[in-house]
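Here is the structure we will look at, set down as structure tokens.
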Amino acid sequence: QVQLVESGGGSVQPGGSLRLSCAASGSIFSIYAMAWFRQAPGRQRELVGDISPGGTINYSDSVKGRFTISRDNAKNTAYLQMNSLKVDDTAVYYCYANVRVEEGGLVSNYWGQGTQVTVSS
């Protein structure tokens, strides 16, 4: 089994910064794409951005230029650096990973439990 554990959420004023981490553990042969999603109250879960094992990154237009995704493949960890936070960034942030648990095995999708980010004055 694979577990994804997010950390780093919290409350911050508009214009502030937070850094989220997502650590994958368990039976892991290799991790392919990792991504961050978020879900605000009453809204659908949306993609914030994703990163390939080689470091190719895609961002949603709403966070481009403010958020930075990175990963440390040796640590099976992804990061989301959030700068210039806005009230509209308030949401539960979820980590996602595409994982092969054994050589030649299937690739499955895993989700973290989510971490709350609240931006308010």
Filter result (part of a strand (DSSP E or B), out of contact with any Gly (no Cβ under 7 Å at 6 or more places or on another chain) and either buried (at least 20 other Cβ atoms within 10 Å of the Cβ) or modelled with pLDDT under 95 (or both)) within segment 51-70: ILE51
Selection count where residues are part of a strand (DSSP E or B) and not aliphatic (A, V, I, L, M), scope segment 81-104: 7
Verdict on GLY16 being part of a loop (DSSP other than H, G, I, E, B), farther than 29 Å from SER121 by Cα and not charged (D, E, K, R): no
Residue in segment 94-109 that is open to solvent by 70 Å² or more (accessible area, probe 1.4 Å), closer than 23 Å to GLN3 by Cα and either at pLDDT 95 or above or of a type in the set (S, T, N, Q) (or both) present: yes
In segment 1-35, residue farthest from GLN113 (Cα to Cα) [restricted to those that are touching a helix residue (DSSP H, G or I) at 6+ places or on another chain (Cβ under 8 Å) and in contact (Cβ under 8 Å) with a residue 60 or more places away in the chain]: PRO14
Scan of segment 19-48 for residues that are part of a strand (DSSP E or B) and at positive phi, ordered by number: GLY26
Single residue of segment 35-50 satisfying the filter (touching a strand residue (DSSP E or B) at 6+ places or on another chain (Cβ under 7 Å) and of a type outside the set (A, V, I, L, M, F, W, C)) that is least open to solvent (accessible area, probe 1.4 Å): GLY49
Test: residue in segment 25-34 that is out of contact with any strand residue (DSSP E or B) (no Cβ under 7 Å at 6 or more places or on another chain) and modelled with pLDDT of 95 or more: no
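The values are calculated or read from the model by the stated rules, or taken from the named source; none is laboratory data. As the structure is a prediction and not an experimental result, all values here were calculated from the model. Every residue, glycine among them, receives a Cβ derived from its backbone with ideal geometry; neighbour counts consider all protein chains shown. Surface areas here come from the heavy atoms of the whole protein model, side chains and all, with no ligands, DNA or RNA. Shrake-Rupley method; radii C 1.70, N 1.55, O 1.52, S 1.80 Å.
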